[in-house]
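The values are calculated or read from the model by the stated rules, or taken from the named source; none is laboratory data. Just so it is clear, the structure is predicted and the values come from calculations on it, not from any experiment. Ideal geometry is used to build each Cβ from the backbone, glycine not excepted, and the neighbour counts take in all protein chains shown. In case anyone asks, the SASA skips ligands and DNA or RNA and just uses the protein heavy atoms, side chains included. Shrake-Rupley method; radii C 1.70, N 1.55, O 1.52, S 1.80 Å.
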Amino acid sequence: MPERSDSDSRKLLRRLRDVLATPGKGQERLDRITHLIADNIDTDVCSIYLFRDPETLELCATQGLKKTAVHKTRMKLGEGLVGRVARTGLPVNTADAPGEKGFRYMPETGEELFSAFLGVPIQRVGEKLGVLVVQSKEARAYSEDEIYALEVVAMVLAEMTELGAFAGEGGGGMGALHKQPVLFRGATGQEGASEGRVWLHEPRVVVTNPVADDPLTEIDRIRAAVGELRVSVDDLLAAESLDKDQKAVLEAYRMFAHSRGWLRRMEEDIASGLSAEAAVEKEQSAARARLEQVPDAYLRERLHDLDDLSNRLLRILTGQGKDTGATMPDNPVLVARNIGPAELLEYGRKLKGVVLEEGSVGSHAAIVARALSIPMVIHAERITTEALNGDQILVDGDQGIVHLRPEDTVARSFRDKIAMQAQAQQRFASLRDLPATTKDGVTISLHMNAGLMADLPSLEGSGADGVGLFRTELQFLIRNQMPRRDELAQLYTRVMEASKGRPVAFRTLDIGSDKVLPYMKPNDEPNPAMGWRAIRVGLDKPGVLRMQLQALIRAAAGRPLSIMFPFITEHGEFIAARSHMLREMHREKSLGHAVPERLEIGAMLETPSLAYAPQAFFDMTDFISIGGNDLKQFFFAADRENERVRKRYDTLNASFLTFLQFIVARCAASNTKLSFCGEDAGRPVEALAFAAIGLRMLSMRPASIGPVKALLRTVDLAAARAVMDKAREEGAETVRPALEAWLQKQGHL
Ligand code: PEP
Ligand code: MG
């Protein structure tokens, strides 16, 4: 235990709490608090700096510096010693502040008189609120105990700030938390715009009393809660069916939960006057600040673990479970750090939008959001600390932007955007039953991509000619155990029935790379996108592939069946995969089951090598579908999951188009049906370019069918081709500028 007098510290905290309890304006409270602290800690200066905006700190109250500097002195995050405390979340303690590197002299405060400086962050679980500073004339470093005491005080200030104790009419640094408009710049998870009210997937725990009434009771509470936590982690660990990763995470949880240091520090915090909840948060904030400085990815992962554990502990202490009793608002927009596909599916279509701090474009949650056509923004950093349940929120999935508690003007122009999109939707809906025939009479067959039951209603709504890509792995991904053959057969039956005779191309299981089944042993691969994935897994371990093929044959129950194998790289793989299918047909027949009246077996062309396969391959395969997402990533050697390089090379790059044209020519020569089913097929200008070089079937997200069809119906394909050819002849890197300029001239863009 530190040597300082705990009762002094407790007395100070109680007096702080009294300040909170007595009515008063925010500014008066802050003034009283700086006075109290300076008095109690026996120092010449005590100042409170709060964030005015995420980049700027403002001196909001002081005892000892010139009062005229209050609300005048400001500094940027990272600027001066105060800015350094705010940026790093760690204390700065120096006997000679003016001599310290980075010191910024602020003449208006009169601080040149003071030599010693101690600043500690005012923060609440990762949310930086400000900085608490004490200074004295005497050139001395503050002791560990003094630093600690000030941190405890800062913790109470953080809770008080959170509770709105300092909110006033002053605005800026004095503004109430979680009231101001905030803009988050993330990335697109799923296009579309929507307006709604925040619904936090994991609501924040509200701590109403940061100060302990009786430390002994609080110590009992924290010990009991930690005991309960330990039991719950041990129980989780005892569960069977844990994979290596889950086990590793839980082991880390157990290590933290049983850590004597953690409990001891929290007990010390309580002895200094904090309540059990505030003690948990204080250690959580401190651990975050420390670990955020660590570049090591493994340690940062552990930070998440400790965070999760602290949240669990808080929930045990406050009794505030996930279910806080709050009712979901109308038009809910889900806000979460991250979310699994199954959980997202459970919320379903009632969500107006999804905003995540983490996530990736190819993540399963993004796939589900796409299937449900819910606008989604990913990488909205820190939104879970800023947003409160019920806050107004605008989700701009097109730009990857989120407006939280927007100004009226922003909300109004956003509504205009939504209205325009709705109008466009109406226009697209009116085209639903018309063909995608160009002005010069070429009809392009537009199909949709699917993978979940939730996709099926779109078959009618979108006017798709069929399902050009059914990603069967999604059904595997959203479960926590391997589906059985009967289950799969039932599911595929429902898909075929919903398609009402329209063709459906079932792609066999495409796992590996970013798609890891929770119940399969993960492989540590240096580069999973080029690793053991898709058909490579299927051929090496054919049990699941065969089971899936059987399920497909049974679901077809005599009807025509179309299947395709993912990621075929050479002819031999196709021969092997195809013979599995033929063997299963034979087996099903010998068991007396009906076999499809017509069977088509196709290959996905996702690696450049397959375009150069021997003629025999093109003769053997019934159809080829270009998996543009993968093909593009391998053609340009640019990871589709890596935001940095994902968009670096244009799909309309002349080399890529020339390559696609080569594939078109090979398929034409062997009379092999060809389609394109990557995301690019759903972008109108790209779709037009593909059609212009000879593709006649495109498969895309259902929501893209309308916009693609609308454009195709207005253009002359031969003229578009001439524009592209001319650009290529002139040496353009990409034909996009020429094509877009041409479209614009005709008023089509
Ligand atoms: C592709 O690679 O383009 C494709 C359609 O498959 P997926 O996106 O599922 O890899
Ligand atoms: Mg692919």
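Roughly to the nearest percent, how much of the accessible area of the range 599-640 is carbon and sulfur, given a 1.4 Å probe?
Carbon-and-sulfur percentage of accessible area, whole number: 55.
Only Lys, Arg, Asp and Glu count, each charged at its Cβ (+1, +1, -1, -1), so figure out the dipole size of the range 215-318 about its Cα centre, rounded to 20 debye.
It comes to approximately 220 debye.
Using the Cα atoms of the range 346-414 to build a convex hull, what is its mean projected area in square nanometres?
5.0 nm²
What does the accessible area per residue of the chain come to in Å², with a 1.4 Å probe and no ligands, DNA or RNA counted? Please report the intermediate quantities before stating the final value.
On the way: 32010 Å² over 749 residues.
Accessible surface, normalised per residue, equals 43 Å².
Taking the simple approach of a point 7 Å from Cα along Cα-to-Cβ for both residue 749 and residue 14, what is their distance in nm?
Placing both labels 7 Å along Cα→Cβ, they lie 7.3 nm apart.
Can you give the relative contact order of the range 439-718 as a percent, counting alpha carbon pairs under 8 Å and 6+ residues apart?
This gives 21 percent for the range 439-718.
Can you give me the relative contact order of the range 594-730 as a percent, contacts being Cα pairs under 8 Å and 6 or more apart?
Relative CO of the range 594-730 lands at 21 percent.
Roughly how large, in nm² to one decimal, is the mean projection of the convex hull of the alpha-carbon atoms in the range 410-462? Walk me through the numbers before you get to the answer.
On the way: hull surface 22.3 nm².
The number I arrive at for the range 410-462 is 5.6 nm².
Hey, can you rank 74-82, 101-109 by average C-beta count inside 10 Å, highest first?
74-82, 101-109
At what distance in angstrom do the alpha carbon centres of the range 603-637 and the range 67-122 lie from each other?
62 Å
Three principal axis extents, largest first, for the C-alpha atoms of the range 439-718, in Å?
The Cα atoms of the range 439-718 stretch 53, 44, 37 Å along their principal axes.
Which of the peptides 635-645, 674-684 is most tightly packed, and how do the rest follow, judged by the mean count of other Cβ atoms within 10 Å per residue?
Packing order, densest peptide first, comes out as 674-684, 635-645.
Just going by the charge dipole of the chain, with Lys and Arg at +1 and Asp and Glu at -1 on Cβ, which of 215, 590, 626 is farthest out on the positive end?
Value: 590.
Could you tell me which residue out of 361, 289, 64 lies farthest along the dipole of the chain toward its positive end? Charges go on the beta carbon: Lys and Arg +1, Asp and Glu -1, centred on the Cα centre.
The listed residue farthest towards the positive side: 361.
Report the extension gain between residue 260 and residue 104 in nm, rounded to one decimal, defined as 0.36 nm multiplied by the number of residues separating them, less their alpha carbon distance.
52.1 nm
In whole percent, what relative contact order does the chain give with Cα contacts below 8 Å and a gap of six or more residues?
The normalised contact order for the chain reaches 10 percent.
Which entries in 244/632; 417/709; 282/521; 515/673; 25/350 show an alpha-carbon gap greater than 30 Å?
244/632; 282/521; 25/350
With the cut-off at 46 Å, report for the chain the share of all Cα pairs above it, as a whole percent.
So the portion of pairs separated by more than 46 Å is 35 percent.
So what are the ³J(HN,Hα) numbers for the range 548-560, from phi and the Karplus equation (6.51, -1.76, 1.60; θ = phi - 60°), rounded to whole Hz, Gly and Pro as x?
Each residue of the range 548-560 in turn: 5, 5, 4, 4, 5, 5, 5, 5, 5, 6, x, 6, x Hz.
What dipole magnitude, in Debye to the nearest 20, does the range 1-150 give about its Cα centre under +1 on Lys/Arg Cβ and -1 on Asp/Glu Cβ?
540 debye
Please compute one quarter of the surface area of the Cα convex hull for the range 215-318 and express it in square nanometres.
Taking a quarter of the hull surface, the average projection is 6.5 nm².
In Å, what is the Rg of the alpha-carbon atoms in the range 8-162, and how long is Dmax?
14.0, 42
Let me know the Rg and Dmax you get for the range 603-749 when you use only its Cα atoms, in Å.
When restricted to the Cα atoms of the range 603-749, Rg and Dmax are 15.0, 46 Å.
Taking 0.36 nm per residue of sequence separation and subtracting the Cα-Cα distance, how much length would be gained by fully extending the chain between residue 290 and residue 540, in nm to one decimal?
Gain on stretching residue 290 to residue 540: 85.4 nm.
Quick check for me: using +1 on Lys/Arg Cβ and -1 on Asp/Glu Cβ, what's the dipole size of the chain about its Cα centre, in debye to the nearest 20? Working shown, then result.
Details: 96 positive and 104 negative charges, 467 e Å.
Result for the chain is approximately 2240 debye, rounded to the nearest 20.
Have a look at 526, 537, 499 and report the one farthest towards the positive end of the charge dipole of the range 493-545, computed about the Cα centre with Cβ charges (Lys/Arg +1, Asp/Glu -1).
The residue sitting most towards the positive pole is 499.
The range 241-295 to the range 526-580: how many Å between their Cα centroids?
46 Å
Rounded to the nearest 10 Å², what accessible area does residue 547 have for a 1.4 Å probe in the complete protein model?
Answer for residue 547: close to 30 Å² accessible.
Taking the radius of gyration and the Kirkwood hydrodynamic radius from Cα positions alone, what is the Rg/Rh ratio for the range 667-746, to two decimal places?
0.98
Test of understanding: what is the full-extension gain from residue 570 to residue 641, defined as 0.36 nm times their sequence separation minus their Cα-Cα distance? Present the calculation step by step, with values, prior to reporting the outcome.
On the way: separation 71, 0.36 × 71 = 25.56 nm, distance 2.44 nm.
Result: 23.1 nm gained on full extension.
What translational diffusion coefficient, to the nearest whole µm²/s, does the range 336-475 have by Stokes-Einstein, given a Kirkwood radius computed over alpha-carbon pairs, a temperature of 20 °C and 1.002 mPa s viscosity? It would help to have the intermediate numbers written out before the result.
Numbers: Rh = 17.1 Å.
Estimated via Stokes-Einstein, D reaches 125 µm²/s.
At a Förster distance of 25 Å, what's the computed FRET efficiency of residue 420 paired with residue 716, Cβ-Cβ distance as r, to 0.05?
On the way: r = 27 Å, r/R0 = 1.08.
After rounding to 0.05, the efficiency reads 0.40.
Which value at 222 nm does the chain reach when only helices count, each DSSP H run of 4 or more adding -39,500 (n - 2.57), with the total divided by all residues and rounded to the nearest 500 deg cm²/dmol?
-14000 deg cm²/dmol
Could you pull the Cα extents of the range 575-690 along its three principal axes, largest to smallest, in whole Å?
Dimensions of the range 575-690 along the principal axes of its Cα atoms: 53, 32, 25 Å.
Please list the non-local residues whose amide H lies under 5 Å from the amide H of residue 129, H modeled 1.01 Å from N, same-chain partners needing a gap of 5 or more.
Placed amide hydrogens put 122, 123, 124 under 5 Å from residue 129.
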